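Worksheet: one structure, shown below.
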Amino acid sequence: MGKFQREVPDTLGGAQQRNNPQPCGYFNDRSRECHCTQPMIQRYMGKISGPLLDRIDIHIDVPAVNYKELRAGSEPESSAKIRERVMRAREIQLQRFASSRSRLYCNAQMAPRHIRASCELSADCERLLERAMTQHGMTARAHDRILKVARTVADLEGAPAIEPKHIAEAIQYRTLDQTFWA
Ligand SMILES: [Zn+2]
């Protein structure tokens, strides 16, 4: 019988787990106040491991939109227009890799050597990225992901070179690193 019993990993320790209050779920929500402690939030966020997060290109904390904001306001860019921009960016990427024998067709597939070849950085970009890396203790993997995303942001704009604003935008897309894995 015993050998069929499932082993449940008890990482926190049973007693400790019972004493830990559950997070309220309103952290970073503008409509409700969160009184959770930093350790509580960190423990909760820690359920997604750093190494897993490292493998994701883009992660953003999206606050709840309140109803009024949802209804009011400016006309958003139409999906058709966005589609056009994405198609153009895809075309740029196809051309970028057409000459290489590596059979890539989009930025996301770039290996480190492709990144070195296609994501040349100005001194300004270099400085910005370096500062973000040290400030947030980013890994080499996160660094490469930022470059890939920055390349795509530039492509969406039709910009031939990666500019500091593209790097800055790509860094913003790793908000979870910045808040909890610093
Ligand atoms: Zn809370």
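Here Y105 fulfils each of the conditions (1) touching a Leu at 6+ places or on another chain (Cβ under 9 Å); (2) without any contact (Cβ under 8 Å) to a residue 12 or more places away in the chain apart from (2). Would you call I92 in contact (Cβ under 8 Å) with a residue 40 or more places away in the chain, in a helix (DSSP H, G or I) and surrounded by 13 or more Cβ atoms within 10 Å (Cβ to Cβ)? Criteria met by I92. Is it the case that R43 is within 16 Å of the ligand (Cβ to nearest atom), closer than 25 Å to R174 by Cβ and either modelled with pLDDT under 75 or not aromatic (F, W, Y) (or both)? Judged against the criteria, R43 is a match.
Can you pull out the residues in region 95-128 that are assigned to a loop (DSSP other than H, G, I, E, B) and either closer than 14 Å to T152 by Cα or of a type in the set (A, V, I, L, M, F, W, C) (or both)? Those that are assigned to a loop (DSSP other than H, G, I, E, B) and either closer than 14 Å to T152 by Cα or of a type in the set (A, V, I, L, M, F, W, C) (or both): L104, Y105, C106, M110, A111, C119, E120, L121. Residue-level analysis places Y67 outside the set of residues that are among the aromatic types (F, W, Y), surrounded by 11 or more Cβ atoms within 10 Å (Cβ to Cβ) and away from the ligand (no atom under 16 Å from the Cβ).
The values are calculated or read from the model by the stated rules, or taken from the named source; none is laboratory data. None of these values were measured; they are calculated from a predicted model. Positions of Cβ are generated from backbone atoms using ideal geometry, with glycine treated the same way; all protein chains shown enter the neighbour counts.
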